[in-house]
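Novice: Questions regarding the structure given below will be posed in turn.
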């Protein structure tokens, strides 16, 4: 190892004497970690002795008791910025400490010999883990929701541009006394949720800016950390609306562990409607999953819908949607959406979002995220999957080393998914809603039999991916939308089949078991045709087929559809038909 880790008690007299023992502690780029009272702060500096003096005078950091400094003769400023960001992300994902850094200094810039330095970073991690600063392996941390949904992310170029422009626009509108209505569109894996979480943390840090506190030495967001910007956001109330229960609970856990944030900031649309106050900004993640008036899943939910609408608009107006609630309860809104991920007729109609997008175009508050950050097959893979399912004429594509496989034997796919889970973790089986959920009321029953293999649906609706039994179960769209997997084993049920007479993929209502997914909207007098429901079911399978970071395995129940799809999901350098 070329590096060493120097430790010292974080007290003024000891630090000054300790710094005299090595000139690099006064004039060399280093990275350090300060911990105490369950908190962690990670920084980098060219003069760590002077930096420690500043921290000792800071009320927020003077309580930290121990310092570890990573010193290496080969380090330069770029390396230290990268290592600092690397450690912040991993400490946040590990969960042992509450990371008290801001997220404005997280970087992902390239530099000379970065790949070789990152090998050193892994060694630094292990050395700190041996000292008890980490409780998990790096692989386990990177597979965790605390890591994946952390506000401490290095934004991509397009994400960064969107966040900067949104903050500048918000400040301009606040100072001008006008409202912002912002739309960010992006397909699966472009990082819409990350943008939402990062932005909330950034806004809170700007609100809490104190000129007396030492700031990170380099930040692309430096212009926002001024007293003037802090005044613009004084008392600014932000909420993050997440329609899906499972994803909402996961984000709440992250917020609970992040200083400056709290779980109460993460809300359902019902929570927003019943809130007694008003929000300055509501950020709606997966906005395409907001609902319109329909038969809700239970009587109490129907009553809540009526009560909220009456409270906000004076009467129970059947035309009002959860989108109307959001607008009524906030001065500014940010909608992150992908209309092709709407999966139920009860979702707000796509035409409503078309109007929002058009409005955002006019006001120059419309943004698109295009870079793919989940599927290693690249951004073309998402469009390819959607095109194949929609019956668009497509040429089978080679996605290189992406592990795309087509299986004719479900048992073989199940074994392969378990093997990948043992290898990488986070490999799961998921399926369309083409089987009744019998085991919901009879835990001894099985929900499906596929090629002689007996399976149950997910026994947990919340955080199923990380549950103890998930490896042996089949996840539904409601457990997986918004999450990443390393490998997704996707079962396409008989709710989709291939009609050879018309040469098209068609919807089979008799095999679609999601009652709320196919029920007519009696509240609004709307009946849904098979063609309309086909759109939602295709969207469901497109979501399932774009969960896998490293690979996607496919099994199709309908024999004719299996023959039709096989060429599209086995023509790849990294995969094969099995």
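Novice: Those residues that are closer than 17 Å to residue 455 by Cα and either part of a strand (DSSP E or B) or touching a helix residue (DSSP H, G or I) at 6+ places or on another chain (Cβ under 7 Å) (or both), I need them from region 474-494; list them, please.
Specialist: Answer for region 474-494, where residues must be closer than 17 Å to residue 455 by Cα and either part of a strand (DSSP E or B) or touching a helix residue (DSSP H, G or I) at 6+ places or on another chain (Cβ under 7 Å) (or both): 474, 475, 477, 479, 488, 489, 490, 491, 492, 493, 494.
Novice: Here is a check on your reading of the model: is residue 236 touching a helix residue (DSSP H, G or I) at 6+ places or on another chain (Cβ under 9 Å) and either in a loop (DSSP other than H, G, I, E, B) or surrounded by 23 or more Cβ atoms within 10 Å (Cβ to Cβ) (or both)?
Specialist: The answer is yes for residue 236.
Novice: Out of the residues in region 495-524 that are touching a residue at least 12 places away in the same chain (Cβ under 8 Å) and assigned to a helix (DSSP H, G or I), state the one that is farthest from residue 555 (Cα to Cα).
Specialist: 516
Novice: If you go through region 452-473, how many residues are part of a loop (DSSP other than H, G, I, E, B) and over 20 Å from the mean Cα position of the chain (by Cα)?
Specialist: 7
Novice: Which of the residues belonging to region 453-477 are closer than 21 Å to residue 251 by Cα and surrounded by fewer than 19 Cβ atoms within 10 Å (Cβ to Cβ)?
Specialist: Those that are closer than 21 Å to residue 251 by Cα and surrounded by fewer than 19 Cβ atoms within 10 Å (Cβ to Cβ): 459, 460, 461, 462, 463, 466, 467, 468.
Novice: Answer with yes or no whether residue 198 is buried (at least 17 other Cβ atoms within 10 Å of the Cβ) and over 16 Å from the mean Cα position of the chain (by Cα).
Specialist: Answer is no for this residue.
Novice: Related question: Please work out which residue is surrounded by the fewest Cβ atoms within 10 Å (Cβ to Cβ), limiting yourself to region 525-536 and to residues that are in a helix (DSSP H, G or I) and out of contact with any helix residue (DSSP H, G or I) (no Cβ under 8 Å at 6 or more places or on another chain). Steps first, answer last, please.
Specialist: Residues of region 525-536 in a helix (DSSP H, G or I): 530-536.
Still in the list and also out of contact with any helix residue (DSSP H, G or I) (no Cβ under 8 Å at 6 or more places or on another chain): 531-532, 534-535.
Numbers: 531: 9, 532: 13, 534: 21, 535: 16.
Once the filter is applied, the top-ranked residue is 531.
Novice: On to the next question. Say whether the condition of being within 24 Å of residue 395 (Cβ to Cβ), surrounded by 14 or more Cβ atoms within 10 Å (Cβ to Cβ), within 27 Å of the chain's Cα centre (by Cα) and modelled with pLDDT under 95 is met by at least one residue in region 570-578.
Specialist: Yes.
Novice: For region 244-263, name all the residues that are in contact (Cβ under 8 Å) with a residue 60 or more places away in the chain and not in a helix (DSSP H, G or I).
Specialist: 244, 257, 258, 259, 261
Novice: Of the residues 69, 99, 31, 42, which single one is touching a strand residue (DSSP E or B) at 6+ places or on another chain (Cβ under 6 Å), more than 21 Å from residue 117 (Cα to Cα), touching a residue at least 12 places away in the same chain (Cβ under 8 Å) and buried (at least 22 other Cβ atoms within 10 Å of the Cβ)?
Specialist: On the way: 69 fails: more than 21 Å from residue 117 (Cα to Cα); 31 fails: more than 21 Å from residue 117 (Cα to Cα); 42 fails: more than 21 Å from residue 117 (Cα to Cα).
Criteria check complete, one pass: 99.
Novice: Anything in region 380-424 that is over 14 Å from residue 568 (Cα atoms), in contact with a helix residue (DSSP H, G or I) (Cβ under 7 Å, 6 or more places away or on another chain) and surrounded by 17 or more Cβ atoms within 10 Å (Cβ to Cβ)? List them, or say none.
Specialist: Passing the criteria: only 421.
Novice: If residue 443 passes every condition in (1) surrounded by 15 or more Cβ atoms within 10 Å (Cβ to Cβ); (2) assigned to a loop (DSSP other than H, G, I, E, B) but one, which one does it miss?
Specialist: The one condition residue 443 does not meet is (1).
Novice: What number of residues within region 59-79 are within 23 Å of residue 96 (Cα to Cα) and out of contact with any helix residue (DSSP H, G or I) (no Cβ under 8 Å at 6 or more places or on another chain)?
Specialist: Adding up the residues that qualify gives 5.
Novice: Right, another one. Would you confirm whether any residue within region 159-171 is more than 28 Å from residue 247 (Cα to Cα), in contact with a helix residue (DSSP H, G or I) (Cβ under 7 Å, 6 or more places away or on another chain), in a helix (DSSP H, G or I) and outside the structural domain of residue 68 (by TED's automatic domain parsing)?
Specialist: Taking every residue of region 159-171 in turn, at least one turns out to be more than 28 Å from residue 247 (Cα to Cα), in contact with a helix residue (DSSP H, G or I) (Cβ under 7 Å, 6 or more places away or on another chain), in a helix (DSSP H, G or I) and outside the structural domain of residue 68 (by TED's automatic domain parsing).
Novice: Residues in region 302-309: is at least one modelled with pLDDT of 95 or more and within 22 Å of the chain's Cα centre (by Cα)?
Specialist: Scanning region 302-309 turns up no residue that is modelled with pLDDT of 95 or more and within 22 Å of the chain's Cα centre (by Cα).
The values are calculated or read from the model by the stated rules, or taken from the named source; none is laboratory data. Values in this document were obtained by computation on a predicted structure and should not be read as measured data. Every residue, glycine among them, receives a Cβ derived from its backbone with ideal geometry; neighbour counts consider all protein chains shown.
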